[in-house]
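Chemist: Structure provided below as structure tokens; questions to follow.
The values are calculated or read from the model by the stated rules, or taken from the named source; none is laboratory data. What you are looking at is a predicted structure, and each value in this text was computed from that prediction instead of being measured. Note: ideal-geometry Cβ built from the backbone for every residue, glycine included; neighbour counts use all protein chains shown.
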Amino acid sequence: MHRICYSLVLLIALSLTSCSSQSRYTMLVPTHLSKPSNCDVEVFRTGQPTKQFVRISRIDVHIERTYFIRTNFDDVLPKLKKEACESGADAIIEIQELSTNINLDETNIFHITAIGIKYQQ
Amino acid sequence: MKIVLTVATLLLSCIAILAGCSATPVKPGGSQQGEFREFPKSVDVVRQAAVNALVVNGFEITKSESFYVEGYRPRTWGFFCTPGGETSGIWLEQAGPSLTKAWISTAISSLGMLCQKDWSAAIVTEMENTLNSQK
């Protein structure tokens, strides 16, 4: 019984520390109005919107996972949208993905850099 | 049950210690290894590129001063390795109106050093990419 408990505690502790993630935005314009973090934001994985826009923020999302677990774009999308909303963006463009594996491929490093834009009225 | 709690407390304490350990980077020069570059940009522009380069390489920004930027890579836990724990520092010096000198070094902490790496070259590459795209 004790062995099972030890194993469970160990697994929980390890799973808590097997992933690190961080996200942030940097404003490219002097002032901005944040939106609620669950706002509706358009995502352009390729191309750009046809409407006129201004680049207002740079968004970075970084996730590192061990135990050979891989990260993909869909995993980081919620964080990407959240940062875009908080920077006041209407849409996200110029999405750049960077995925590398280190430490005998056990650790996957996944980074997204994108630009938040505001449509001009 | 008491034993389980003790083990859990000890384990979490060890993780907290591992997560909290960091080393202090030393400015390259003399015997101290690191990278040095000159960028034909103002110090403000190079500082922003330095911050971005640290973030892209998974560092949390811990210091952002006029002429110094520092970041720490959070630790994760794996089968073979506990990556993370490195601290990188970027020293800046305004050498002219549009010329900035930058020194980059990475300090590796004593715990889990076999799984850590020197990120200085990767940081320089990212800074160069950012600054070259701003022409």
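Chemist: Quickly run through region A:64-91 and pick out the residues that are aliphatic (A, V, I, L, M) and out of contact with any Gly (no Cβ under 9 Å at 6 or more places or on another chain).
Modeler: A:Ile69, A:Val76, A:Leu77, A:Leu80
Chemist: Determine if region B:45-54 includes at least one residue that is polar (S, T, N, Q) and out of contact with any Asp or Glu (no Cβ under 6 Å at 6 or more places or on another chain).
Modeler: yes
Chemist: With the requirement that a residue be small (Gly, Ala, Ser) and out of contact with any His (no Cβ under 9 Å at 6 or more places or on another chain), what does region A:90-115 give you?
Modeler: Correct list: A:Ala91, A:Ala114.
Chemist: While we're on this one: Regarding region B:45-57, can at least one residue be identified that is outside any helix (DSSP H, G or I), closer than 16 Å to B:Lys117 by Cα and at pLDDT below 95?
Modeler: Scanning region B:45-57 turns up no residue that is outside any helix (DSSP H, G or I), closer than 16 Å to B:Lys117 by Cα and at pLDDT below 95.
Residue by residue, here is whether (1) surrounded by fewer than 20 Cβ atoms within 10 Å (Cβ to Cβ); (2) within 14 Å of another protein chain (Cβ to nearest Cβ); (3) basic (Lys, Arg) holds:
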{"residue": "B:Thr24", "(1), (2), (3)": "yes, no, no"}
{"residue": "B:Gln32", "(1), (2), (3)": "yes, no, no"}
{"residue": "B:Glu38", "(1), (2), (3)": "yes, no, no"}
{"residue": "B:Gly58", "(1), (2), (3)": "no, yes, no"}
{"residue": "B:Ile61", "(1), (2), (3)": "yes, yes, no"}
{"residue": "B:Glu65", "(1), (2), (3)": "yes, no, no"}
{"residue": "B:Val69", "(1), (2), (3)": "no, yes, no"}
{"residue": "B:Arg73", "(1), (2), (3)": "no, yes, yes"}
{"residue": "B:Gly78", "(1), (2), (3)": "no, yes, no"}
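Chemist: Of all the residues that make up region B:93-135, how many are out of contact with any Asp or Glu (no Cβ under 9 Å at 6 or more places or on another chain) and part of a loop (DSSP other than H, G, I, E, B)?
Modeler: 8
Chemist: Being within 14 Å of chain B (Cβ to nearest Cβ), over 30 Å from B:Thr82 (Cα atoms) and modelled with pLDDT of 95 or more narrows it down to one residue among A:Arg24, A:Arg55; which is it?
Modeler: When all the criteria are applied, what remains is A:Arg55.
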